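Since the structure comes first, as structure tokens, the remarks are kept for the end.
The values are calculated or read from the model by the stated rules, or taken from the named source; none is laboratory data. All of these numbers come straight from a predicted model, not from anything done at the bench. When we count neighbours, we look across all protein chains shown, and the Cβ atoms used for this are built from the backbone with ideal geometry, even at glycine. These accessible areas exclude ligands, DNA and RNA; they are computed on the full protein's heavy atoms, side chains included. Shrake-Rupley method; radii C 1.70, N 1.55, O 1.52, S 1.80 Å.
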Amino acid sequence: MAGVAGPMLRRDKPQGTRFLTGLLVGGSIASLLLAAVLFGLGTLLEWWLPPHARLVAVAVSLVVLGLADIANRTPHTWRQVPQAYVRSIPPGRLGLVWGFDLSLLFTTQKSTSLTWAALAGTGLLVPSAAGYVLVGMTVLGVLTIAVRSVYYSVNGMPDQGDRIRPWFTLIRRTCGVALLAVAAVVTLGNW
């Protein structure tokens, strides 16, 4: 997204701002929809499963997701937001569509399993916080994109080429180890 918003901000600041605003609004709407589903499912699981069973389910989920990241096999679909829209949709609407698409979480590629871990932990342990967690993730993501976009609009996009791939692998594996550590803390802290 920074690769789109940065050039927009460089060419025309109002267009870039409309794109980022649309990204935030579309993302927040999709996050709230997904939060309603997560809240409903999580509330049902609270009724059906005792707290200990939900903690075990979270720990198992974290271990599976952590191992997937370490093996460089983060679960996701092989799809990105539709790139063809860049030239056919005005910036504000483009941000709205892309923000909605990205915040549905199940429809695009993932760099790490942290998103899935957040969904599992929130849904199984604190479903009442689903709205805060998911909208918070969206706001944090859009703020990160905005900061990177402003930086790139001033300094230009770096030539990334194949140099960034090893960083993704390192970040993914580091997140995998972190998920395993959190699973250990959850498990040991509740026995």
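Could you tell me how many of the residues in region 96-125 are open to solvent by less than 30 Å² (accessible area, probe 1.4 Å) and touching a Lys or Arg at 6+ places or on another chain (Cβ under 7 Å)?
Qualifying residue count for the region: 3.
Would you confirm whether any residue within region 65-75 is among the basic types (Lys, Arg), open to solvent by 60 Å² or more (accessible area, probe 1.4 Å), more than 18 Å from Val135 (Cβ to Cβ) and touching a residue at least 24 places away in the same chain (Cβ under 8 Å)?
Here is the first cut: in region 65-75, the ones among the basic types (Lys, Arg) are 73.
Narrowing further to those that are open to solvent by 60 Å² or more (accessible area, probe 1.4 Å): 73.
Subset that is more than 18 Å from Val135 (Cβ to Cβ): 73.
From what's left, touching a residue at least 24 places away in the same chain (Cβ under 8 Å): none.
So far as region 65-75 goes, no, none of its residues is among the basic types (Lys, Arg), open to solvent by 60 Å² or more (accessible area, probe 1.4 Å), more than 18 Å from Val135 (Cβ to Cβ) and touching a residue at least 24 places away in the same chain (Cβ under 8 Å).
Do we have any residue at all in region 100-109 that's over 30 Å from Arg173 (Cβ atoms) and in contact (Cβ under 8 Å) with a residue 24 or more places away in the chain?
Taking region 100-109 and keeping what is over 30 Å from Arg173 (Cβ atoms), we get 100.
Checking which are in contact (Cβ under 8 Å) with a residue 24 or more places away in the chain leaves us with 100.
Within region 100-109 (the criterion being over 30 Å from Arg173 (Cβ atoms) and in contact (Cβ under 8 Å) with a residue 24 or more places away in the chain), the answer is yes, since at least one residue qualifies.
With Thr17, Thr43 as the choices, which residue is hydroxyl-bearing (Ser, Thr, Tyr) and open to solvent by 70 Å² or more (accessible area, probe 1.4 Å)? Don't jump to the end; show me each part of the working.
Details: Thr43 fails: open to solvent by 70 Å² or more (accessible area, probe 1.4 Å).
Of Thr17, Thr43, the one residue that is hydroxyl-bearing (Ser, Thr, Tyr) and open to solvent by 70 Å² or more (accessible area, probe 1.4 Å) is Thr17.
Quick one: would you say Gly6 is in contact with a Leu (Cβ under 6 Å, 6 or more places away or on another chain) and not aliphatic (A, V, I, L, M)? Working first, answer last.
Working: in contact with a Leu (Cβ under 6 Å, 6 or more places away or on another chain): no; not aliphatic (A, V, I, L, M): yes.
So Gly6 does not fit the description; no.
Can you tell me how many residues within region 1-43 are farther than 19 Å from Leu134 by Cα and not polar (S, T, N, Q)?
Of all residues in region 1-43, those farther than 19 Å from Leu134 by Cα come to 2-19.
From the residues that got through so far, the ones that are not polar (S, T, N, Q) too are 2-14, 16, 18-19.
Selection size over region 1-43: 16.
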